[in-house]
1. As an exercise: evaluate residue 42 against (1) farther than 20 Å from residue 102 by Cβ; (2) at pLDDT 95 or above and give the number of the one condition it does not meet.
2. Tell me which residues, restricted to the range 66-88, are surrounded by 12 or more Cβ atoms within 10 Å (Cβ to Cβ) and charged (D, E, K, R).
3. Tally the residues that are in contact (Cβ under 8 Å) with a residue 40 or more places away in the chain and either more than 17 Å from the chain's Cα centre (by Cα) or under 17 Å from residue 39 (Cβ atoms) (or both), restricting the search to the range 72-97.
4. Report the residue count in the range 66-117 for those that are assigned to a helix (DSSP H, G or I) and among the polar types (S, T, N, Q).
5. Among (1) in contact with a strand residue (DSSP E or B) (Cβ under 9 Å, 6 or more places away or on another chain); (2) at pLDDT below 90, there is one condition residue 115 misses while meeting the rest; what is its number?
6. Any chance the range 23-32 includes a residue that's loosely packed, with under 14 Cβ neighbours inside 10 Å, on the phi < 0 side of the Ramachandran plot, of a type in the set (Val, Ile, Thr) and modelled with pLDDT under 95?
7. Among the residues of the range 48-65, count how many are assigned to a helix (DSSP H, G or I) and either surrounded by fewer than 16 Cβ atoms within 10 Å (Cβ to Cβ) or not acidic (Asp, Glu) (or both).
Amino acid sequence: MGLHRNRALRTAIFLASLTSPCAGATDVPAPGRIRLTVDASEAEAVLAILTRTSAGGAVPDADWRRLFESEPYVRLKRREASLDRAFSDEEFRKFVLAPERAREAPALARTLAAWKKADLVAAAERVRAKGAGCSCGRTVPSCESSSRCP
């Protein structure tokens with residue numbers, strides 16, 4: 001159970017790193033002012049490494065630098081540090097090179113392609129139209145404990 005949860009968590013972190021940060025839930029922009037982009041540099045770097053290793057090639061330092069210097073990876077590392085979680089480039093390197101990543105590579109590539117085609121502004125507009133919500137079911141401004149809700 002713990003190993004499966006850990007893999008699921010890391011995959012979720014990988015997918016979450018695909019989007020750039022947007023306005024907080026209480027900062028609802030005016031219609032037409034939503035600007036979201038996908039920064040796929042970390043995901044693309046990981047997929048390039050997986051492609052290289054699946055072809056039997058060695059991964060040059062430049063490929064690892066591209067990954068470790070990507071903005072999403074830097075943000076991920078900073079986030080993990082802020083939560084006092086151990087996280088290192090070497091640990092992430094092992095995660096990327098794990099055999100299950102090679103098996104997951106086609107699905108990860110399809111997911112990345114879908115995210116790149118997704119109309120994020122339309123999705124944000126739908127959320128905006130419904131009102132920013134908290135997991136407790138209340139709208140964020142009326143939920144006094146929105147940061148602590150499950």
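The values are calculated or read from the model by the stated rules, or taken from the named source; none is laboratory data. Every value quoted in this text rests on a predicted model; they were computed, and no experiment measured them. All Cβ positions, even for glycine, are placed from backbone atoms using ideal geometry, and neighbour counts span all protein chains on display.
1. If we test residue 42 against (1) farther than 20 Å from residue 102 by Cβ; (2) at pLDDT 95 or above, just (1) comes out false.
2. If the condition is that a residue be surrounded by 12 or more Cβ atoms within 10 Å (Cβ to Cβ) and charged (D, E, K, R), then 66, 69, 71, 75, 77, 79, 80 are the ones that fit.
3. The qualifying residues number 5.
4. Number of matching residues: 2.
5. Exception for residue 115: condition (2).
6. If we filter the range 23-32 for residues that are loosely packed, with under 14 Cβ neighbours inside 10 Å, which is where we start, we get 24, 26-27, 29-32.
Then drop every residue that is not on the phi < 0 side of the Ramachandran plot, which leaves 24, 26-27, 29-31.
From the residues that got through so far, the ones that are of a type in the set (Val, Ile, Thr) too are 26.
From the residues that got through so far, the ones that are modelled with pLDDT under 95 too are 26.
Yes, that holds for at least one residue.
7. The total comes to 11.
For (1) among the hydrophobic types (A, V, I, L, M, F, W, C); (2) surrounded by fewer than 16 Cβ atoms within 10 Å (Cβ to Cβ); (3) over 25 Å from residue 55 (Cβ atoms), each residue gets a yes or a no:
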site: 91; (1), (2), (3): no, yes, no
site: 95; (1), (2), (3): yes, no, no
site: 101; (1), (2), (3): no, no, no
site: 104; (1), (2), (3): no, no, no
site: 107; (1), (2), (3): yes, yes, no
site: 119; (1), (2), (3): no, yes, yes
